[in-house]
Amino acid sequence: MSKTILCISSSPRAKGNSDLLCDAFMHGATEAGHTVEKVRLAEKNINYCTGCCSCIGGSGVCAQQDDMADILGKLIAADVIVFATPVYFRSFNGPMKTFIDRVCPVYTHVSDKDVYFIISAAGGALPVESTVQSFRTFTGCLRNIREKGTISITGVWDEDSVKGTRALQQAHAAGSKA
């Protein structure tokens with residue numbers, strides 16, 4: 001059965017390590033017959049949450065006029081969500097945090113999803129573990145989320161350090177099985 005897969009990439013570099021892993025996942029998923037779309041947060045105009053509460057206490061939608069409204073619709077429609085990020089100080093980076101905060105207007109409608117985490121880190125296993133925990137804190141606010149896997153690589157400093165690694169093969173394989 002074909003699925004709709006939405007990849008949210010927070011890499012500031014179009015060919016950064018987490019973005020390349022995301023592309024490998026997408027390639028595997030496309031080969032398996034799924035419909036896949038990637039949203040590169042660095043290419044979108046997404047403002048940070050101002051805490052105005054209009055999304056929960058008023059109209060039910062965010063008061064801000066930016067690219068997030070379109071992404072929220074895709075998030076609700078997706079069967080599978082892939083979160084791809086580099087690690088910054090043992091967690092996902094600022095664009096991913098801003099994205100997560102802006103899910104507030106629809107978080108009760110984001111349910112029955114499979115999720116994958118793609119993480120690239122310059123450091124060792126601890127930054128990956130803490131980043132996964134940060135993602136779990138977010139997905140724990142959603143309903144009936146099924147964590148399907150984490151694809152991670154450590155020790156990658158340069159932009160394309162992931163090329164030729166086992167992690168790239170793992171990302172492709174995970175996409176094939178999504």
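Below, the figures for the structure above:
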item: Per residue solvent-accessible surface (Å²) - the chain, probe of 1.4 Å; result: 48
item: Sulfur and carbon atoms: percent of accessible area, the stretch 41-147 [1.4 Å]; result: 54
item: Surface/4 of the Cα convex hull for the stretch 1-81, nm²; result: 6.1
item: Rounded if a/c under 1.5, otherwise prolate or oblate - the chain, Cα gyration tensor axes; result: prolate
item: Out-of-range pairs (alpha-carbon distance over 19 Å; input Lys3/Lys97; Lys38/Lys97; Lys44/Lys97; Lys15/Lys148); result: Lys3/Lys97; Lys15/Lys148
item: Rh (Kirkwood; distinct C-alpha pairs) - the stretch 56-146, Å; result: 14.0
item: Of the chymotrypsin sites (Phe, Trp or Tyr not before Pro) in the stretch 21-86, those whose Cβ has at most 13 other Cβ within 10 Å and which sit in DSSP loop; result: Tyr48
item: Electrostatic dipole magnitude of the chain [Cβ: Lys, Arg +1; Asp, Glu -1; Cα centre; debye, to 20]; result: 300
item: Percentage relative contact order, the chain, counting C-alpha pairs under 8 Å, at least six apart; result: 31
item: Paramagnetic reach from Lys3 in the stretch 28-44 [backbone N under 12 Å; point 7 Å along Cα→Cβ]; result: 29-30, 32-36
item: Accessible surface ranking that places the most exposed of Cys22, Cys62, Cys141 first, with a 1.4 angstrom probe; result: Cys141, Cys62, Cys22
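The values are calculated or read from the model by the stated rules, or taken from the named source; none is laboratory data. Computed from a predicted structure; not experimentally measured. Every residue, glycine among them, receives a Cβ derived from its backbone with ideal geometry; neighbour counts consider all protein chains shown. Surface areas here come from the heavy atoms of the whole protein model, side chains and all, with no ligands, DNA or RNA. Shrake-Rupley method; radii C 1.70, N 1.55, O 1.52, S 1.80 Å.
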